[in-house]
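The structure under discussion appears below in the form of structure tokens.
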Amino acid sequence: MIITKTREELELMRESALIVSKTLGALASEVKPGVTTLELDKIAETCIRDHGAIPGFLGLYDFPNTLCMSPNEQVVHGIPNKTPLKEGDIISIDCGALKNGFYGDHAYTFEVGEVDPETKKLLRVTKESLYKGIEQFKAGNRVGDVGYAIQKYCEDHGYGVVRELVGHGLGRKMHEDPEMPNYGRRGRGKKFVEGMVVAIEPMINLGTQRIKQHRDGWTITTRDNKPSAHFEHDVALIDGKPQLLSTFDYIYEALGISSDEEAPFKAQPTFN
């Protein structure tokens with residue numbers, strides 16, 4: 001059952017989402033060769049708690065850390081450790097925060113130093129596919145419309161679209177209805193309704209769509225060990241249109257990147 005939110009609840013959810021956004025922004029300048037994912041995890045926990053929130057992933061389903069940290073061929077759910085990042089790596093950082101009874105949850109894949117052109121393109125196309133999906137999250141459409149948009153865009157570039165891992169509804173629970181696959185058929189699936197919130201999160205592989213789970217019970221990697229990218233936004237359906245609750249603006253500010261990609265989906269300026 002889809003749980004819709006009032007305008008007041010949506011503003012509380014925006015606050016939770018923006019805490020995650022600010023945390024990812026704080027990490028952006030720290031992602032560099034030599035740093036460990038465990039060090040980044042500690043920075044994130046401090047940032048979340050300093051904003052009066054609780055790390056959303058820590059202890060959720062018994063996950064041991066604040067962040068899911070997934071480098072290179074890891075798709076999602078990587079556990080932070082003491083292995084230093086290297087020049088040319090990529091690292092997907094998925095972060096959650098709980099405040100005022102509502103979750104924020106989104107992700108960004110960072111480049112570590114200079115990344116090869118093939119991997120850089122994977123990141124660009126995956127992020128572009130996120131917005132292709134968000135465009136379809138509107139009144140009258142269904143889950144399959146979002147999935148189809150993401151799948152077609154990525155497969156047209158020759159990439160593998162992960163099937164076993166999907167986006168989801170978001171609210172007082174980290175995972176609510178509906179599931180939001182990154183593949184699908186137009187006009188199929190649950191219909192979108194005013195006031196719902198979803199986490200849309202393409203997980204796209206440079207090679208095969210096939211994945212494998214490791215013995216730790218968490219880490220997911222590509223079957224062919226080629227890189228995977230992951231980007232995620234929290235999006236609300238407001239007045240029949242998609243509106244971002246999360247933002248990459250804090251990341252871009254830290255990295256000196258100029259972008260207007262979020263403009264069609266914003267209700268208000270981020271910095272105030």
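The values are calculated or read from the model by the stated rules, or taken from the named source; none is laboratory data. Everything quoted here is computed from the prediction, not taken from an experiment. Cβ: placed from backbone, ideal geometry, glycine included. Neighbour counts: every protein chain shown. Each accessible area value is taken on the protein alone, full model and side chains, heavy atoms only, with ligands, DNA and RNA left out. Shrake-Rupley method; radii C 1.70, N 1.55, O 1.52, S 1.80 Å.
Quick look at the values:
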read-out	value
The range 50-87, residues that are in a loop (DSSP other than H, G, I, E, B), of a type in the set (A, V, I, L, M, F, W, C), closer than 12 Å to T37 by Cβ and open to solvent by less than 40 Å² (accessible area, probe 1.4 Å)	L85
Where a residue in the range 203-230 is on the phi > 0 side of the Ramachandran plot and its partner, wherever it lies, is of a type in the set (D, E) and in a loop (DSSP other than H, G, I, E, B), with Cβ under 6 Å and at least six apart	N225/E73
Output for the range 134-166, where each listed residue is among the aromatic types (F, W, Y), part of a loop (DSSP other than H, G, I, E, B) and free of Cβ contacts under 8 Å to residues at least 60 places away in the same chain	Y159
Test: G113 is of a type outside the set (S, T, N, Q) and in contact with a helix residue (DSSP H, G or I) (Cβ under 9 Å, 6 or more places away or on another chain)	no
Residue check for F110: assigned to a loop (DSSP other than H, G, I, E, B) and among the aromatic types (F, W, Y)	no
Evaluation of K152 against (1) under 17 Å from A199 (Cα atoms); (2) open to solvent by 10 Å² or more (accessible area, probe 1.4 Å) (one fails), failing number	(1)
The one condition in (1) more than 17 Å from the chain's Cα centre (by Cα); (2) within 29 Å of R163 (Cβ to Cβ) that V35 fails to fulfil	(2)
Restricting the range 159-184 to residues that are surrounded by fewer than 23 Cβ atoms within 10 Å (Cβ to Cβ) and aliphatic (A, V, I, L, M), the residue that is farthest from S129 (Cα to Cα)	M174
Matching option when the condition is surrounded by fewer than 24 Cβ atoms within 10 Å (Cβ to Cβ), among the acidic types (D, E) and over 22 Å from K121 (Cα atoms), among D224, D239	D239
Residues being farther than 26 Å from T6 by Cβ, under 14 Å from the mean Cα position of the chain (by Cα) and buried (at least 19 other Cβ atoms within 10 Å of the Cβ) - total across the range 88-138	14
Yes/no for Y183 being of a type in the set (F, W, Y) and out of contact with any strand residue (DSSP E or B) (no Cβ under 6 Å at 6 or more places or on another chain)	no
Residue list for the range 10-33, restricted to those being farther than 11 Å from A97 by Cβ and either open to solvent by 50 Å² or more (accessible area, probe 1.4 Å) or basic (K, R) (or both)	E11, L12, R14, S29, E30, K32, P33
Matching option when the condition is outside any strand (DSSP E or B), over 30 Å from E194 (Cβ atoms) and among the hydroxyl-bearing types (S, T, Y), among T23, T46, T4	T46
Selection count where residues are of a type in the set (K, R) and without any contact (Cβ under 8 Å) to a residue 24 or more places away in the chain, scope the range 95-120	1
Qualifying residue in the range 185-193 (condition: buried (at least 18 other Cβ atoms within 10 Å of the Cβ), more than 20 Å from E73 (Cβ to Cβ) and at pLDDT 95 or above)	yes
Pair list, Cβ < 8 Å and 6+ apart or interchain, from the range 249-272 residues that are closer than 21 Å to S16 by Cα to residues that are modelled with pLDDT under 95 and open to solvent by less than 50 Å² (accessible area, probe 1.4 Å)	D249/T270; Y250/T270
